[in-house]
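This is the structure, below, for whatever I ask next.
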Ligand code: SF4
């Protein structure tokens, strides 16, 4: 552990229960033949237009949703760009395909817009593992620290924070605060926090949350895979364990990894992040080969197996349903308490202003 990280932050780990397995989620999704799929996609495109709605999709959602977003003037991106795009787009309704904190972030930034999601059950282990009450008590113990939280948190946690950041800009924001002599309280992802601390040398206390998907990547299995593919570039998301990060050629946000896949000279890459990102990587770097980093190895089995169970809940069926009936019934609409929203707006809009300058 780097010397500046407070040991006592360990006691704030919150145990997670009832985490769904990706294979189980996927086995319960409706299956369509090619004709039915095409019909659903055509209907969704028609409904988006009719409802003056735009689809904002994350890189980890399934390929069909990414295709629809691209072909209808929406966006496929990381959570920073999703927030920025939704905020700037003139559509009156945002359909956010991803996980709940992404819908909440859109509502925090654009309260005048309707924000709906294909499912409200899609959450995130980082959000679940950082309840607002416990987090607020943790913050109270460090009154002289600047509270910096990852976007993968609830509106209530964002409301308690000084800054909200995504993995795209976390390093820059922490370095900026460090230059001002600030100490940092970081939450919730411990691996990303360790990585930032290691790179910047900032004085930080860490909340001990983790992404269940990235935490499954195994350094030992990765080493064995590299032996079979010695010329492959290694691309790793910083929510992965430190031992996996240490092996990487490039560590960064989803957008950084896609850019690296395009720009690096390697013909093949081993990728440690959600495998639905391969759709965009193949599009940006045609002809290159992308290999999933190992999530299981000796004595270990994977539960998410490189695809987030909550991201997997988004499909054509519930995207179509939210456009057909959710807009009328209000089902699956995101609401954020106005007092919390205003506080969360302060810390979240700071991120967009920081990026703009
Ligand atoms: S991949 Fe990890 S960080 Fe992203 S939504 Fe799923 S659990 Fe959360």
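Every number in this text was worked out from the coordinates using simple rules, so none of it is lab data. Just so it is clear, the model here is predicted, and its values are computed rather than measured. A quick note on method: Cβ atoms are made from the backbone with ideal geometry, for glycine too, and the neighbour counts reach across all protein chains shown.
If I model a spin label at residue 342 and residue 357 as a point 7 Å from the Cα along the Cα→Cβ vector, what separation in nanometres do I get?
Roughly 2.4 nm, to one decimal.
Let me ask you something else. Decide, for region 214-292, between rounded, prolate and oblate: order the square roots of the alpha carbon gyration tensor eigenvalues as a ≥ b ≥ c, take rounded if a/c falls under 1.5, and otherwise choose prolate if a/b is larger than b/c, else oblate.
oblate
Taking the mean number of other Cβ atoms within 10 Å as a proxy for protection, how do you rank 268-274, 342-348 from highest to lowest?
268-274, 342-348
Now, a different point. Among the DSSP beta bridges whose two residues both lie in the chain, what percent are antiparallel, rounded to the nearest 5?
Looking only at bridges with both residues in the chain, the antiparallel portion is about 5 percent.
Compute the FRET efficiency between residue 121 and residue 259 as 1/(1 + (r/R0)^6), taking r as their Cβ-Cβ distance and R0 = 41 Å, and round to the nearest 0.05.
So, using R0 = 41 Å, E works out to roughly 0.80.
If you count the DSSP beta bridges with both ends in region 28-179, what percent of them are antiparallel, to the nearest 5?
0 percent
To continue, here is another question. Taking the number of other C-beta atoms within 10 Å as the exposure measure, put 85, 101 in order starting with the fewest.
85, 101
Could you give the distance between the Cα centres of region 192-244 and region 299-357, to the whole Å?
Each part's Cα centre sits 25 Å from the other's.
Something else now. If one computes the Cα centroid of region 36-65 and of region 122-139, what distance in Å separates the two points?
Spelled out, the Cα-based centre of one part sits 31 Å from the other.
Let me know the shape class of region 157-234, please: from the alpha-carbon gyration tensor, a ≥ b ≥ c as square roots of the eigenvalues, rounded when a/c is under 1.5, otherwise prolate if a/b is greater than b/c, or oblate.
prolate
If you build a Gaussian network model of the chain, linking Cα atoms that sit under 10 Å apart, which residue out of 88, 332, 318 swings the most?
The residue that fluctuates most here is 88.
Is it possible to state the helix-based mean residue ellipticity at 222 nm for the chain, with each DSSP H run of 4+ residues giving -39500 (n - 2.57), the sum divided by total residues, to the nearest 500 deg cm²/dmol? What is it?
Helix contribution divided over all residues of the chain: -12000 deg cm²/dmol.
I would also like to ask the following. So for 150, 279, fewest C-beta neighbours within 10 Å to most, what's the order?
279, 150
Label points 7 Å out from Cα along the Cβ direction at residue 350 and residue 144: separation in nm?
In this crude label model, residue 350 to residue 144 measures out at 1.9 nm.
Working out 0.36 nm times the residue gap between residue 67 and residue 17, then minus their Cα-Cα distance, what length gain in nm do you get to one decimal?
Length difference between fully extended and current span is 14.6 nm.
Another one. Would you kindly state how much longer the chain becomes between residue 26 and residue 283 on full extension, computed as 0.36 nm times their sequence separation minus their alpha carbon distance, in nm to one decimal?
Contour length minus Cα-Cα distance gives 90.1 nm.
Still on this structure: With a ≥ b ≥ c the root eigenvalues of the C-alpha gyration tensor of the chain, is it rounded (a/c under 1.5), prolate (a/b larger than b/c) or oblate?
It is oblate, given that a/c is not under 1.5 and a/b is not larger than b/c.
Next question. Between 65, 47, 319, where does the largest GNM mean-square fluctuation fall for the chain, given springs only between Cα atoms within less than 10 Å?
Its mean-square fluctuation being the largest, the pick is 47.
Would you please give the FRET efficiency between residue 220 and residue 331, computed as 1/(1 + (r/R0)^6) with r the Cβ-Cβ distance and R0 = 41 Å, to the nearest 0.05?
0.35
Please give the peptides 105-116, 151-162 ranked by average Cβ packing (other Cβ atoms within 10 Å per residue), highest first, as a rough proxy for protection.
Top of the packing list down: 151-162, 105-116.
Rank by packing, highest mean first: peptides 123-136, 219-232, with packing defined as the count of other Cβ atoms within 10 Å averaged across residues.
The densest-packed peptide leads the list: 123-136, 219-232.
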